Amino acid sequence: MSKIERNWQFAEQYPTETEPIVAARRLSLELGIEPVSRSTAAHLSGYAAVMRASAICEIGTGVGVSGLSLLRHAPQATLTSIEIEPEFLREARATFVGAGVAASRLRLIEGDARHVMPRLNLAAYDIVLIDANPEQLLEHFEYALGVTRPGGVVVVPGALGHGRVADPAARDEATQAMRDLLAIVAESPAISPALSPAGDGLLTVVRLDA
Ligand SMILES: C[S@@+](CC[C@H](N)C(=O)[O-])C[C@H]1O[C@@H](n2cnc3c(N)ncnc32)[C@H](O)[C@@H]1O
């Protein structure tokens, strides 16, 4: 194992997780869902805490690993979470209830984010997580940035596409979409982006004040 791989593995194993998050992670894998990594989850918890987030949105609930992590240290926050698969959303609801998250803090919406996001309030969210189908990433990002308040962040896990984004030979649609997004946010004066190797790559984009 190389030094870089050893460092990455150490960083992934370092965070501790609550029992409900561990259980949701297990269920995700059983259902064939790829949850955010432990390091990514720890970043999400930290972002929400440092921002004292009150409104959080996520695209791609899965069964709740990222959602529980976002709410973990943000006791005032409400979570609007969008999931296209009814079965996953049912499991996620049970996960949140089992973890003791009050119903008043949750808005779980079943549907395609492309139809739901345009109905959300603009500039209303402290954090927007995009963790859905990578092929629709650019569309999701446009809506996500619109609903993020100035000073808020859009967070995109999977930004290294399992090594494909950095591999010039990889030309599939999802990889191209991620490369396009990375190029767009790098060039925009209205955005401060950072790309970390946490998990499968974690892109964090701050929407700067207008
Ligand atoms: C990588 S998984 C999300 C994992 C979750 N964020 C977690 O950490 O536990 C991606 C999820 O996005 C959902 N999804 C895919 N396309 C979607 C869309 N257009 N709108 C809403 N959800 C979508 C999938 O059903 C799947 O549950």
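Okay, here's what the table says:
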{"item": "Residue order, fewest to most beta carbons within 10 Å, for T148, T61, T18, T204", "result": "T18, T204, T148, T61"}
{"item": "Global geometry of the range 49-129, whether rounded, prolate or oblate, following the gyration tensor of its Cα atoms and the 1.5 cut on a/c", "result": "oblate"}
{"item": "Near-label residues of the range 56-85 by backbone N, under 20 Å of a point 7 Å along Cα→Cβ of A49", "result": "56-57, 65-79"}
{"item": "Net charge of neighbours whose Cβ lies under 13 Å from the Cβ of W8, counting Lys and Arg as +1 and Asp and Glu as -1", "result": "0"}
{"item": "10 Å beta-carbon shell around I84, net charge (K/R +1, D/E -1)", "result": "-3"}
{"item": "Three-way shape call for the range 45-89 based on the alpha-carbon gyration tensor, with the a/c threshold at 1.5", "result": "prolate"}
{"item": "Segment N133-D112, length gained on full extension (0.36 nm per residue, minus Cα span)", "result": "6.5 nm"}
{"item": "Chain lengthening between I4 and V97 when straightened (0.36 nm per residue, less Cα-Cα)", "result": "29.6 nm"}
{"item": "Ascending count of other beta-carbon atoms within 10 Å, so fewest first, for E85, E187, E91", "result": "E187, E85, E91"}
{"item": "Whether the range 10-161 is rounded, prolate or oblate, judged on the alpha carbon gyration tensor where a/c under 1.5 counts as rounded", "result": "rounded"}
{"item": "Within-14-Å neighbourhood charge of R179 [Cβ basis; K, R +1; D, E -1]", "result": "-4"}
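We did not get these values from a lab; they are worked out from the coordinates using the rules stated. None of these values were measured; they are calculated from a predicted model. Note: ideal-geometry Cβ built from the backbone for every residue, glycine included; neighbour counts use all protein chains shown.
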